[in-house]
Amino acid sequence: LKLFEGAILDYNAYIKIDDQYANIFYLKGKALNEVKRYEEALKSFKTALELQNADLDAEDTNYLSDVYLQIGNSYRFLKEYEQALTYYELTLKIDPDNPEVFFNRGNTKYSQGNWTAAILNYTKTLQLQSDHLSAQYYRGMSYQFMHKYKEAIEDFTAVIKQDPNLNLVHISRGFTYA
């Protein structure tokens, strides 16, 4: 946590010298998210967007995609789920095969108790990145909430096969068996 606070101080020092560099606001926003200062992070990300050039090349498009993803995450952490989903959709328009967008959209649907939509998003994450353990775990949890115990156990077992040291997954699978 102290490292992120130090980073924020350094980013602020840079901004005092040059407040027109979009990437410094993006980096500051990421650090602010890490220390759970989500509203400040949103402000920083939005400043980064305002400063970003209108004519984007391919590299800038990736940058813009990540800024939208980070804004979506900030809104999700603030439990402003519809805003989060809006920014995830913007991200997908730019980067339709980004597994992290589907994972975070799945997390948003999971937080809303929309297990079916969460499962669809976690499944898409796994199609794009088959070793995404968190997507596999939360898909299993979503199945569990829907009383689809066979599917939940299959997901938990798949996670345990990839990393047998994840104790929470053992607990979740054990609970599902019970």
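Yes or no: residue 7 open to solvent by less than 40 Å² (accessible area, probe 1.4 Å), among the hydrophobic types (A, V, I, L, M, F, W, C), modelled with pLDDT of 95 or more and assigned to a helix (DSSP H, G or I)? It is true that residue 7 is open to solvent by less than 40 Å² (accessible area, probe 1.4 Å), among the hydrophobic types (A, V, I, L, M, F, W, C), modelled with pLDDT of 95 or more and assigned to a helix (DSSP H, G or I). Residue 19 meets the conditions (1) open to solvent by less than 40 Å² (accessible area, probe 1.4 Å); (2) not in a helix (DSSP H, G or I) in every case but one. The failed one is (1).
All told, residue 50 falls short of being open to solvent by 60 Å² or more (accessible area, probe 1.4 Å) and within 15 Å of the chain's Cα centre (by Cα).
When 25, 45, 77 are checked against the criterion of being open to solvent by 80 Å² or more (accessible area, probe 1.4 Å) and not small (Gly, Ala, Ser), 77 stands alone in meeting it.
Reported count of residues in region 95-114, each being open to solvent by 50 Å² or more (accessible area, probe 1.4 Å), assigned to a helix (DSSP H, G or I) and under 15 Å from residue 68 (Cα atoms), is 1.
Considering only residues in region 115-149 that are of a type in the set (Gly, Ala, Ser) and either open to solvent by less than 40 Å² (accessible area, probe 1.4 Å) or part of a helix (DSSP H, G or I) (or both), the one that is nearest to residue 103 (Cα to Cα) turns out to be 135.
More than 12 Å from the chain's Cα centre (by Cα) and at negative phi, is that true of residue 71? The answer is no for residue 71.
Restricting the first member to region 2-27 and to residues that are more than 21 Å from residue 66 (Cα to Cα), and the second to residues that are not in a helix (DSSP H, G or I), the beta-carbon pairs closer than 7 Å and six or more apart or on different chains are 5/35.
Does region 163-170 include one or more residues that are under 30 Å from residue 40 (Cα atoms) and part of a helix (DSSP H, G or I)?
Among the residues of region 163-170, not one is under 30 Å from residue 40 (Cα atoms) and part of a helix (DSSP H, G or I), which makes the answer no.
Considering only region 24-49, state which residues are in a helix (DSSP H, G or I) and either aliphatic (A, V, I, L, M) or over 22 Å from residue 76 (Cα atoms) (or both). Hits for region 24-49 are 24, 27, 31, 32, 41, 42, 48, 49.
The values are calculated or read from the model by the stated rules, or taken from the named source; none is laboratory data. Because the structure is a prediction, the values reported are computed rather than measured. We place every Cβ from the backbone using ideal geometry, glycine too, and count neighbours over all the protein chains shown. Surface accessibility is based on the protein's heavy atoms, side chains included, excluding ligands, DNA and RNA. Shrake-Rupley method; radii C 1.70, N 1.55, O 1.52, S 1.80 Å.
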